[in-house]
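Here's the structure, in structure tokens; my notes come after.
The values are calculated or read from the model by the stated rules, or taken from the named source; none is laboratory data. Computed from a predicted model, the values in this text were never measured in an experiment. Here Cβ is always computed from backbone atoms with ideal geometry, including for glycine, and neighbour counts include all displayed protein chains.
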Amino acid sequence: MKISVVLNRMAGSLLGRPAEDVVAAIETAFQAAGHQIVCAAVSGEALETKIRTAAAGDADVVMVGGGDGTIATAAQILTGTGKALGVLPLGTMNLLARDLGLPLDLPAAIAVLADGEIAAIDMAEVNGRPVLNNSVIGLYARMVQEREHQRGIRNISKWPAMGLAFLKTLIDYPRLEVELDLDGGRRRVLTPILAVANNAYDRGLGPVPTRSNLSAGILAVYIGRHRSRLHFLRLFGRFVTGAWIDDPDLEVHLVKEVTVHARRRMLRVANDGEVHWTRMPLHYRIIPDGLRVLRPRRDAAGEPLLLRTSA
């Protein structure tokens, strides 16, 4: 395969290590596996332009190293090109990388992808913007925006800034009144948080929810009905332990599409961890097999073949 790799020099996992060493490791691994590869590490400001240049070239795969927001931007650029998206886990959460079965250790991820396969997975979208993991309105979207504000004024890293943002948002505890076109009817809800996921999250332990099935062809709509801060804190505690799906104030709907209406003209929406002010209404739909990706090879049971990385 012909592969073009674009790395964000400012990605968290690259800070503190020479980007040139990472570029050399990627080129060595993929060339050894018989691929033709071009790899470059660029600044955050030049990232989108470089991805567009790669998408316009003759590569079969455009591989991007960065956070989930950067990966979503690459997916939007690649939509309709026929090229596959490759993901290197260089961000903070690496949600799509986790769900694809990639190891989060960078050398191991490089080795697995060099022996990977191209497959189709579902893509969701809201008002034409791709959603690879989830799209959230309400408290979380406000927290993400406040997190970036705290990082800017205090010059602190993402996790301490998120802690401050969580406390500030919880004190205010805003709730949104929205109407949903859902399950063939319209209903009104008052919610602190509403999330739409590209395929449903699994039950199980751990603070980071995961999706084992990226090709079920559904949207999972999660509606918080928590009336008080105390009830919302209970949900937060359940997230930490992995028991959030059993929260009695959380509704779950599995649908093909959903539309969210509000009295406001614009609403703050966190798509794959990046906040965008988006014009209402919000129309979500699932696009089955809408994105081609480079992922680890699977065994007969559909599990990633990670043992091939041993060297």
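Worth a mention:
- Hits in segment 162-171 (condition: under 23 Å from the mean Cα position of the chain (by Cα) and either closer than 17 Å to Arg268 by Cβ or not in a helix (DSSP H, G or I) (or both)): Met162, Ala165, Phe166, Thr169
The rows are residues; the columns are (1) buried (at least 16 other Cβ atoms within 10 Å of the Cβ); (2) of a type in the set (Gly, Ala, Ser); (3) at pLDDT below 95; (4) within 20 Å of Asp246 (Cβ to Cβ).
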{"position": "Ala111", "(1), (2), (3), (4)": "yes, yes, yes, no"}
{"position": "Met123", "(1), (2), (3), (4)": "yes, no, no, no"}
{"position": "Asn155", "(1), (2), (3), (4)": "no, no, yes, no"}
{"position": "Lys168", "(1), (2), (3), (4)": "no, no, yes, no"}
{"position": "Asp181", "(1), (2), (3), (4)": "yes, no, no, no"}
{"position": "Thr191", "(1), (2), (3), (4)": "yes, no, yes, yes"}
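- Scoring Leu85 on the criteria (1) in contact (Cβ under 8 Å) with a residue 60 or more places away in the chain; (2) assigned to a helix (DSSP H, G or I); (3) surrounded by 22 or more Cβ atoms within 10 Å (Cβ to Cβ) leaves a single failure, condition (2).
- Residue list for segment 193-214, restricted to those being among the charged types (D, E, K, R), surrounded by fewer than 18 Cβ atoms within 10 Å (Cβ to Cβ) and either at pLDDT 90 or above or farther than 15 Å from Asp247 by Cα (or both): Asp202
Quick grid of which residues meet (1) in contact with a His (Cβ under 8 Å, 6 or more places away or on another chain); (2) closer than 23 Å to Leu96 by Cβ; (3) aliphatic (A, V, I, L, M); (4) touching a residue at least 60 places away in the same chain (Cβ under 8 Å):
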| residue | (1), (2), (3), (4) |
| --- | --- |
| Gly185 | no, no, no, no |
| Arg238 | no, no, no, no |
| Gly242 | no, yes, no, no |
| Glu251 | no, no, no, no |
| His261 | no, no, no, yes |
| Met266 | no, no, yes, no |
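- Options Ala161, Ala243: the member that is at negative phi, surrounded by 12 or more Cβ atoms within 10 Å (Cβ to Cβ) and out of contact with any helix residue (DSSP H, G or I) (no Cβ under 6 Å at 6 or more places or on another chain): Ala243
- Residue count, segment 98-146 (criterion: more than 27 Å from Pro174 (Cα to Cα) and part of a helix (DSSP H, G or I)): 11
- Number of residues in segment 193-222 that are among the β-branched types (Val, Ile, Thr) and not in a loop (DSSP other than H, G, I, E, B): the value is 3.
- Test: Ile77 is touching a helix residue (DSSP H, G or I) at 6+ places or on another chain (Cβ under 8 Å), surrounded by 15 or more Cβ atoms within 10 Å (Cβ to Cβ), closer than 20 Å to Ala124 by Cβ and not acidic (Asp, Glu): yes
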